[in-house]
1. Which residue is surrounded by the fewest Cβ atoms within 10 Å (Cβ to Cβ), if the candidates are limited to the stretch 31-57 and must be touching a helix residue (DSSP H, G or I) at 6+ places or on another chain (Cβ under 8 Å) and either assigned to a loop (DSSP other than H, G, I, E, B) or aromatic (Phe, Trp, Tyr) (or both)?
2. Might you check whether a residue that is touching a helix residue (DSSP H, G or I) at 6+ places or on another chain (Cβ under 6 Å) and part of a strand (DSSP E or B) occurs anywhere in the stretch 10-27?
3. Among the residues of the stretch 61-83, what is the count of those that are outside any strand (DSSP E or B), within 18 Å of the chain's Cα centre (by Cα) and either modelled with pLDDT of 90 or more or not hydrophobic (A, V, I, L, M, F, W, C) (or both)?
4. Could you give me the residue pairs with C-beta distances under 9 Å whose first residue belongs to the stretch 86-98 and is closer than 13 Å to residue 37 by Cβ, whose second residue is among the acidic types (Asp, Glu) and assigned to a strand (DSSP E or B) wherever it lies, and which are 6+ apart or on separate chains?
5. (1) modelled with pLDDT of 90 or more; (2) more than 13 Å from the chain's Cα centre (by Cα): which one isn't true of residue 53, the others all being true?
6. Please tell me if residue 43 is out of contact with any strand residue (DSSP E or B) (no Cβ under 9 Å at 6 or more places or on another chain) and not β-branched (Val, Ile, Thr).
7. Among the residues of the stretch 1-33, write down those that are hydrophobic (A, V, I, L, M, F, W, C), farther than 30 Å from residue 46 by Cβ and touching a residue at least 40 places away in the same chain (Cβ under 8 Å).
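The values are calculated or read from the model by the stated rules, or taken from the named source; none is laboratory data. Source: prediction; values computed, not measured. Cβ atoms come from the backbone with ideal geometry, glycine included; neighbour counts cover every protein chain shown.
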Amino acid sequence: MVFSTNKEKGNSGLGMAIAYFSTKGYTVSIPLNDTQDYDLIIEKNGELKTVQVKATGCKRKNGIYQVALKSCGGTNGRTYKTIVDTNIDYLFILNQEKEMYLIPKNEIKNKATLNLCKKYRKYLIKLI
């Protein structure tokens, strides 16, 4: 997995999310711009859901991957959005070891970061 730059991480995460949902029978739609809270819209059996995609290569000292949940920018680098304040249904996460997680947004309480610890292993996608 190429994670040399943030752009490569983002492209890998989005590509793997599209591949995962497509192989599960979802219709996948990509928004035309980047001003909405979600990266993908998925549809199956007439039900639409929104998905934010994150990718991480950041490991803590204990070997657990950590994902940034906030978006920062502007001249001050201030946080302007965090996952818990967005209007999404799911957070899809890809780590550098190609593990994928699909976490319902209502299960996320953290604002800044999320550690992919034991608590979130139940959301690990098992490919068969």
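1. Within the stretch 31-57, the first condition is being touching a helix residue (DSSP H, G or I) at 6+ places or on another chain (Cβ under 8 Å), and the residues that meet it are 39-40, 42, 51-57.
Now narrow it down to the ones that are either assigned to a loop (DSSP other than H, G, I, E, B) or aromatic (Phe, Trp, Tyr) (or both): 39, 57.
Numbers: 39: 20, 57: 18.
So the residue we want is 57.
2. Checked against the condition, which is being touching a helix residue (DSSP H, G or I) at 6+ places or on another chain (Cβ under 6 Å) and part of a strand (DSSP E or B), the stretch 10-27 yields no hits at all.
3. Initial filter on the stretch 61-83 (outside any strand (DSSP E or B)): 61-64, 69, 74-77, 83.
Next cut, within 18 Å of the chain's Cα centre (by Cα) only: 64, 69, 83.
Checking the rest, the ones that are also either modelled with pLDDT of 90 or more or not hydrophobic (A, V, I, L, M, F, W, C) (or both) come to 64, 69.
Total meeting the criteria: 2.
4. none
5. Checking residue 53 against (1) modelled with pLDDT of 90 or more; (2) more than 13 Å from the chain's Cα centre (by Cα), the one that fails is (2).
6. Values: out of contact with any strand residue (DSSP E or B) (no Cβ under 9 Å at 6 or more places or on another chain): no; not β-branched (Val, Ile, Thr): yes.
It is false that residue 43 is out of contact with any strand residue (DSSP E or B) (no Cβ under 9 Å at 6 or more places or on another chain) and not β-branched (Val, Ile, Thr).
7. Let us first name the residues in the stretch 1-33 that are hydrophobic (A, V, I, L, M, F, W, C), namely 1-3, 14, 16-19, 21, 28, 30, 32.
So of that shortlist, the ones also farther than 30 Å from residue 46 by Cβ come out as 1-3.
Once the filter is applied, which keeps residues that are hydrophobic (A, V, I, L, M, F, W, C), farther than 30 Å from residue 46 by Cβ and touching a residue at least 40 places away in the same chain (Cβ under 8 Å), the stretch 1-33 yields 1, 3.
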